[in-house]
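Input: a single structure, listed below in structure tokens.
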């Protein structure tokens, strides 16, 4: 079944910024877990794509005067996801590179958790 991105976008944008960052962080945690296990590459690829959409939708509504740091961080993550996506089959089939994806995903997840703490305070 095909994903209806417009419905997801509408629902995603109706949530709070903290919920949006939590969704993105959760996707990265799932990606990390899948990369460590080496299973479900199609699901992992989908999580990357969904995360890219989450970032695109979030950045498009960020107030750059007050949240420039968050926008910059999200765009850096977007570039990382794009690099992975371009060489996904090679990355997925190479265990050391897959483990590196997992480690980087964990780092990004931790950074997003830090942003969540700032948003919550």
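Quick note: the coordinates plus some simple rules give every number you see, no bench work behind them. Because the structure is predicted, anything quoted here is derived from the model rather than measured.
Brief remarks on what is shown
- Relative to the dominant Cα principal axis of the chain, helix 17-37 is inclined by about 10°.
- Degrees between helix 64-86 axis and first principal axis of the chain (Cα, 0 to 90, nearest 10): 20 degrees
- The chain, helix-only ellipticity at 222 nm - DSSP H runs n ≥ 4, -39,500 (n - 2.57), divided by all residues, nearest 500: -29000 deg cm²/dmol
- Coordinate range of the alpha-carbon atoms in the stretch 19-120 per principal axis, descending: 42, 23, 18 Å.
- Computed over the chain with a Gaussian network model linking Cα atoms closer than 10 Å, the most mobile of 64, 75, 24 is 64.
- Entry note, the stretch 19-120: relative contact order of 46 percent, from Cα contacts under 8 Å with a spacing of 6+ residues.
- Taking Cα atoms only, the orientation of helix 95-120 departs from the longest principal axis of the chain by about 10 degrees.
- At full extension, residue 82 and residue 40 could sit 13.2 nm farther apart than now, given 0.36 nm per residue minus the alpha carbon distance.
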